[in-house]
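J.: Before I ask anything, here is the structure I am working with.
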Amino acid sequence: MRQRLQKILYVEDNAVNRLLVRRVLTHAGYAVLEAEDGLSGIQMAQEERPDLILMDIMIPSMDGYQVTTKLKTLPELANTPIIALTAKAMEGDRERALIAGCDGYIAKPIDVDRLPLQVAEFLGGKREEIEGGAEEQLILQQEYSQELVTRLEERVRELQKANAELRRTDELKSKFISVAAHELKTPLTVIQGYLTMLLDTRGHMYPELNETLRLPIEGIAKGLDRFNSIVNEMLDITRIEGGTMELHRDLMLVKDAVMGAVHRLESAASERGLTINLSPMAGLSPIRADAGHLRQVFFNLLSNAIKYTPDGGEINISAKMTQGVDVTHPNRPTSPSGKFVEIVFEDTGIGIDLEEQERIFSHFYEVRDVDLHSTSKTRFKGGGLGLGLAIAQGIVEAHGGFLWAESEGLDEERCPGSRFHVLLPVED
Ligand code: ADP
C-alpha cells in the first residue's frame with residue numbers, strides 16, 4: 001500500500017525561495033503546498049491541514065509571528081509544528097518566534113543540505129523551548145503583546161484613512177452624477193422641444209412633413225426617450241442619496257400602481273412570449289403613498305422580471321395584507337397600524353446568486369458584464385445602468401417600507417426564478 005505523503009505548507013512571498021524549498025522537499029519525499037502571504041497561509045492551513053508549516057516571518061498582509069499566533073488558536077492546528085524562517089537574524093528573533101507560538105526556528109539563508117533533516121526532526125516531535133526563567137518569558141510575552149497592539153493600532157489608522165478616502169471618492173462620484181445629469185437635462189429639453197414640433201401625440205411624424213424624414217425622426221424620438229429616462233434615473237439616485245426626494249402622498253390602492261406598470265410593459269412582455277399573471281389583489285387596505293413613484297418601483301421590478309426571464313416564461317404578481325417581516329436592518333420597515341401590504345413579483349427567470357442578493361441593490365451594481373449593456377428595458381439579460389433596484393429600494397424605504405429579493409440561486413439552464421417582495425405600511 002502506498003503511504004500518504006506528508007504535507008508541508010510553506011508560507012513565503014519570495015518566489016525564488018519557494019521554488020528552492022519546493023524542489024528540496026519534494027525531492028526528499030514531501031508534498032509541498034505554498035502560500036504567498038499571511039491571510040492565504042491561514043486559509044490554506046485550515047483547508048489542507050498540513051503536517052508541518054514553514055513560516056517566513058517577513059511576509060505581506062500579516063507577518064509570520066501574527067499568522068502563527070492565529071494558527072495556534074485553531075484547535076485543528078494547535079498541534080501542527082510551525083517553524084519560523086527568518087533572515088533578519090536579529091537578537092531576540094528566535095525568542096520572539098517561540099513566544100508567538102512557533103515550535104522551532106531556522107535561520108535563513110536556508111541550508112538545502114540540512115533542511116530535509118531539520119524538517120524530519122520537527123515532524124518526529126522535536127520542539128524548541130525558550131531559554132531563561134519564567135520572569136524572562138513573561139517580559140518577552142509582554143513585549144510581544146505590546147507589539148501586537150501597536151500593529152493593530154497602525155492597521156486601524158490605515159483603515160480609517162482608507163475609509164475616509166473611499167467616502168470622499170463616493171461623494172465625488174455622487175457630485176459628478178448630479179452635475180452630469182443636470183447639465184445633460186438642459187440640452188435634452190431643448191432637443192425634445194423641437195422634436196415635439198414634428199411629432200403628433202402618439203409620437204408619429206405629421207403626414208404633411210417630408211416622408212423620407214419619417215424613419216430618422218421617429219428613431220431620434222425613441223433614442224431621446226431612452227436618453228431622457230437615463231438622465232432621470234441619474235437625477236432620481238441623486239435625490240435619493242441626498243435625501244431630497246419629494247413624495248406627494250395620497251390615499252391610493254396598490255393595485256392601481258401595479259396596473260400602471262403592467263400596462264406600460266405588457267406589449268414588451270408579449271413580444272418575448274412572456275405571460276404576466278395578476279392575482280385579484282382584493283381586500284387590500286389603501287395606503288398613503290406617492291402613486292408616480294410607486295409606479296416606478298413596480299415598473300423597475302417588472303422590467304427586471306422581463307429582462308431576466310427567458311422567452312416563454314411566466315411572471316406572477318400578487319399582493320396580500322401582512323404583519324411585516326422580522327428584519328435586523330437599519331431601515332427596518334415601520335407601520336403605524338402594524339399592518340403592511342406585501343406585493344410579490346415572481347418570475348421563472350435565471351435567478352440570482354445567493355451571495356449577490358443584497359449587493360444587487362447597490363448603485364450601479366450589475367452582476368453581469370458591462371459588455372451586455374443594452375438600451376432596451378426588456379431584452380433578455382440586457383443590462384441597464386444598474387440603478388433600477390437602488391432607485392426602487394430608495395423609494396420604498398422613503399415610504400417606510402422594505403424591499404428584498406429571494407432566489408434559490410443563479411442557474412441559466414434550470415431557471416429557478418426570483419421573487420422580489422415589496423412591503424408598504426398601512427397608516428391606520
Ligand atoms: P440593471 O439596470 O442592470 O437591470 P438593476 O438595479 O435593476 O440594474 O438590477 C441589478 C442587478 O440585479 C441586475 O444586473 C441583475 O443581475 C439582477 N436582477 C435584478 N432583477 C432580477 C431578476 N428578476 N432576476 C434575476 N436577476 C435580477
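The values are calculated or read from the model by the stated rules, or taken from the named source; none is laboratory data. Being a predicted model, the structure only gives us computed values, none of them experimental. Heads up, the Cβs are rebuilt from the backbone with ideal geometry, glycines too, and the neighbour counts pull from every protein chain shown. Note: areas computed on protein heavy atoms with side chains; ligands, DNA, RNA excluded. Shrake-Rupley method; radii C 1.70, N 1.55, O 1.52, S 1.80 Å.
J.: Any idea which residue in segment 194-208 is modelled with the highest pLDDT, counting only those that are in a loop (DSSP other than H, G, I, E, B) and open to solvent by 60 Å² or more (accessible area, probe 1.4 Å)? Walk me through how you get there before you give the answer.
T.: Kept after step one, since they are in a loop (DSSP other than H, G, I, E, B), are these residues of segment 194-208: 197-198, 200-204, 206-208.
So of that shortlist, the ones also open to solvent by 60 Å² or more (accessible area, probe 1.4 Å) come out as 197, 201-202, 204, 206-208.
Numbers: M197: 83, T201: 74, R202: 74, H204: 72, Y206: 74, P207: 73, E208: 73.
Restricting to residues being in a loop (DSSP other than H, G, I, E, B) and open to solvent by 60 Å² or more (accessible area, probe 1.4 Å), the top hit is M197.
J.: From D290, D256, grab the single residue that is more than 29 Å from the chain's Cα centre (by Cα), assigned by TED's automatic domain parsing to the domain that holds F402 and buried (at least 19 other Cβ atoms within 10 Å of the Cβ).
T.: On the way: D256 fails: buried (at least 19 other Cβ atoms within 10 Å of the Cβ).
One residue alone meets the criteria, D290.
J.: May I ask you to list pairs of residues, at least six apart or on different chains, whose Cβ atoms are under 8 Å apart, with the first in segment 54-68 being in the same structural domain as V112 (by TED's automatic domain parsing) and the second being aromatic (F, W, Y)?
T.: From segment 54-68, the pairs are L54/Y10; D56/Y10; I57/Y65; Y65/Y144.
J.: Taking segment 417-428 on its own, how many of its residues are surrounded by 21 or more Cβ atoms within 10 Å (Cβ to Cβ) and near the ligand (Cβ under 9 Å from one of its atoms)?
T.: Initial filter on segment 417-428 (surrounded by 21 or more Cβ atoms within 10 Å (Cβ to Cβ)): 417-418, 420, 422-425.
Then keep just the ones that are near the ligand (Cβ under 9 Å from one of its atoms); that gives 417-418, 420.
Counting residues in segment 417-428 that are surrounded by 21 or more Cβ atoms within 10 Å (Cβ to Cβ) and near the ligand (Cβ under 9 Å from one of its atoms) gives 3.
J.: Still on this structure: Determine if segment 123-137 includes at least one residue that is at pLDDT 90 or above, open to solvent by less than 40 Å² (accessible area, probe 1.4 Å), in the same structural domain as N17 (by TED's automatic domain parsing) and closer than 24 Å to L77 by Cα. Step through it out loud before you land on a result.
T.: Filtering segment 123-137 down to residues at pLDDT 90 or above leaves 123-128.
Subsequent filtering for residues that are open to solvent by less than 40 Å² (accessible area, probe 1.4 Å) retains none.
No, segment 123-137 contains no residue that is at pLDDT 90 or above, open to solvent by less than 40 Å² (accessible area, probe 1.4 Å), in the same structural domain as N17 (by TED's automatic domain parsing) and closer than 24 Å to L77 by Cα.
J.: Do the conditions hold for S229, that is, is it among the small types (G, A, S), within 23 Å of the chain's Cα centre (by Cα) and not assigned by TED's automatic domain parsing to the domain that holds H399?
T.: It is false that S229 is among the small types (G, A, S), within 23 Å of the chain's Cα centre (by Cα) and not assigned by TED's automatic domain parsing to the domain that holds H399.
J.: Being surrounded by 14 or more Cβ atoms within 10 Å (Cβ to Cβ), outside the structural domain of I217 (by TED's automatic domain parsing) and modelled with pLDDT under 95 is the requirement here; does A181 meet it? So that I can check it myself, show each step before the final result.
T.: Numbers: surrounded by 14 or more Cβ atoms within 10 Å (Cβ to Cβ): yes; outside the structural domain of I217 (by TED's automatic domain parsing): no; modelled with pLDDT under 95: yes.
So A181 fails the test.
J.: While we're here: Report whether or not L172 is assigned to a helix (DSSP H, G or I) and either open to solvent by 80 Å² or more (accessible area, probe 1.4 Å) or closer than 30 Å to L98 by Cα (or both). Give the steps one after another, and end with the answer.
T.: Values: assigned to a helix (DSSP H, G or I): yes; either open to solvent by 80 Å² or more (accessible area, probe 1.4 Å) or closer than 30 Å to L98 by Cα (or both): yes.
Yes.
J.: Ok, one more. Which count do you get for residues in segment 33-52 that are buried (at least 21 other Cβ atoms within 10 Å of the Cβ) and more than 33 Å from the chain's Cα centre (by Cα)?
T.: The total comes to 1.
J.: OK, next. Go through L33, L19, L52 for me and flag whichever is out of contact with any helix residue (DSSP H, G or I) (no Cβ under 6 Å at 6 or more places or on another chain) and of a type in the set (A, V, I, L, M). Steps first, please.
T.: On the way: L33 fails: out of contact with any helix residue (DSSP H, G or I) (no Cβ under 6 Å at 6 or more places or on another chain); L52 fails: out of contact with any helix residue (DSSP H, G or I) (no Cβ under 6 Å at 6 or more places or on another chain).
Matching residue, one of L33, L19, L52: L19.
J.: Right, next: List every residue pair whose Cβ atoms lie under 7 Å apart, where the two residues are 6 or more positions apart in sequence or sit on different chains, the first residue falls within segment 345-358 and is in the same structural domain as S407 (by TED's automatic domain parsing) and more than 7 Å from the ligand (Cβ to nearest atom), and the second residue, located anywhere, is part of a loop (DSSP other than H, G, I, E, B) and open to solvent by less than 20 Å² (accessible area, probe 1.4 Å).
T.: E346/G417; T348/T309; T348/G313; T348/G417; D353/G409; L354/G409
J.: Output the qualifying pairs, or none if there are none: Cβ atoms under 6 angstrom, residues six or more apart or on different chains, first residue in segment 231-259 and part of a helix (DSSP H, G or I), second residue open to solvent by less than 80 Å² (accessible area, probe 1.4 Å) and polar (S, T, N, Q).
T.: Sorted first by the residue in segment 231-259, then by its partner, the pairs are T238/S178; E241/S174.
J.: Let me ask something additional. Could you tell me whether any residue of segment 78-93 is at pLDDT 95 or above and open to solvent by 60 Å² or more (accessible area, probe 1.4 Å)?
T.: Within segment 78-93 (the criterion being at pLDDT 95 or above and open to solvent by 60 Å² or more (accessible area, probe 1.4 Å)), the answer is no, since none of the residues qualifies.
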